[in-house]
Amino acid sequence: MSIQAIKLCGCLWLMASLAAPCQQARQFGLLRSLDTGEKVLSLNWSNQSFCRLLAGTNLKDWLAIATLNGGSMLSVTDSAAPFFPRRFYSAYTPTGAVIITGDHIHTTEGDLIIHPMNHATLLLYWNGRAIYADPTNSAAGLSGLPKADLILLTHSHNDHFNTNSLFALTNAGTVILGFSNVINALHPALRSYAAAMTNGSSTNVYGINIQAVPAYNTNASYHPKGVGNGYVLSLAGLRIYISGDTDAAPELNTLTNLDVAFICMRLPYTMDITNAALLVRRIQPRMVYPYHFMGSDVELFKRMVGTDLPVEVRLRKWY
């Protein structure tokens with residue numbers, strides 16, 4: 001292991017670059033500190049292989065925080081850095097039959113990997129299980145990703161529901177969940193995989209508890225009340241909220257103890273960034289990902305959420 005030390009703002013940071021046997025050690029480049037306390041790292045990963053970034057509060061205990069596609073120079077923003085008194089970084093090339101890029105979140109049963117895809121589409125990969133929400137990428141765009149164990153459909157609008165993608169992702173073990181009108185909109189060949197959920201109902205699939213929560217407009221008619229779901233997933237000690245398309249409906253104020261929240265924002269179809277930020281400040285998830293934000297100012301949303309609460313805002317590439 002090679003250790004590189006740099007001095008930044010009067011503080012000495014140790015940055016470790018781990019190399020697997022017979023591999024050349026990779027080096028970290030500049031470590032830049034933002035006004036928010038976040039850290040921006042650059043890595044020279046010249047062999048184009050995958051890169052797994054780890055972080056720790058000492059040089060002994062490490063947790064993976066992200067897996068990245070390789071490239072000659074990678075840049076990563078560690079938005080969790082402000083929540084730790086100090087932060088050390090390490091990286092290596094992961095191996096295995098299935099490598100999913102995205103953020104890693106540690107659980108009691110292995111890492112949950114969050115893989116943003118497009119707009120309202122995302123993949124959660126945990127314990128060898130692939131959980132997709134609203135898969136709408138083309139079948140070609142799904143190449144290289146695992147088949148779905150669980151598919152969550154929030155409603156039937158075409159930016160959340162795509163028959164070709166559903167066919168591309170399903171196999172004999174896939175379970176599809178959605179409101180009854182969404183299930184009825186499925187191709188007949190897919191209905192055997194599906195089960196309906198109404199607001200307030202819950203079920204358990206592959207050891208994952210899923211609760212359907214309301215998702216609707218309060219001041220518009222694009223998403224009527226009672227025909228769409230958001231979801232709260234509980235797995236390995238984590239609670240994850242996926243909003244679907246919704247305004248800041250009163251029922252959402254009862255959401256508590258969330259570790260991760262995917263919050264939609266896009267006028268006129270869902271809440272604006274102000275109401276989205278206010279909702280986040282009320283329910284206080286440990287981490288929040290703005291998504292479904294086409295054209296919205298997510299940097300302003302992040303500033304509106306602020307830094308006075310223990311809420312980490314993660315801005316990722318959805319478009």
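A few points about this structure:
- Scan the stretch 287-310 for residues that are touching a residue at least 12 places away in the same chain (Cβ under 8 Å), over 16 Å from A81 (Cβ atoms) and charged (D, E, K, R) and the total you get is 2.
- Filter result for H115 (modelled with pLDDT of 95 or more and either more than 17 Å from I263 (Cα to Cα) or of a type in the set (G, A, S) (or both)): no
- The strands (runs of 3 or more DSSP E) found entirely in the stretch 149-257 that carry 2 or more residues being modelled with pLDDT of 95 or more, under 25 Å from V311 (Cα atoms) and not acidic (D, E) are 208-214, 229-235, 238-242.
- Tally, over the stretch 117-133, of residues that are open to solvent by less than 10 Å² (accessible area, probe 1.4 Å), part of a loop (DSSP other than H, G, I, E, B) and closer than 20 Å to G173 by Cβ: 0
- Filter pass, A220 being over 20 Å from E312 (Cα atoms), open to solvent by less than 10 Å² (accessible area, probe 1.4 Å) and over 18 Å from the mean Cα position of the chain (by Cα): no
- Any hit, the stretch 104-116, residues being within 17 Å of the chain's Cα centre (by Cα), in a strand (DSSP E or B), in contact (Cβ under 8 Å) with a residue 60 or more places away in the chain and on the phi > 0 side of the Ramachandran plot: yes
- Any chance G244 is closer than 25 Å to I105 by Cα, small (G, A, S), touching a residue at least 40 places away in the same chain (Cβ under 8 Å) and open to solvent by less than 50 Å² (accessible area, probe 1.4 Å): yes
- Residues located in the stretch 241-274, provided they are among the polar types (S, T, N, Q) and over 22 Å from T121 (Cα atoms): N253, T254, T256, N257, T274
- Checked against (1) farther than 28 Å from T107 by Cα; (2) open to solvent by less than 30 Å² (accessible area, probe 1.4 Å); (3) of a type in the set (A, V, I, L, M, F, W, C), L252 passes all but a single condition, namely (1).
- Taking the listed residues L145, L123, the one that is at pLDDT 95 or above and closer than 25 Å to I183 by Cβ is L123, with no other qualifying.
The values are calculated or read from the model by the stated rules, or taken from the named source; none is laboratory data. In this text the structure is predicted, and so the values were computed from the model without any measurement. When we count neighbours, we look across all protein chains shown, and the Cβ atoms used for this are built from the backbone with ideal geometry, even at glycine. Calculation scope for accessible area: heavy atoms of the full protein, side chains included, ligands and nucleic acids excluded. Shrake-Rupley method; radii C 1.70, N 1.55, O 1.52, S 1.80 Å.
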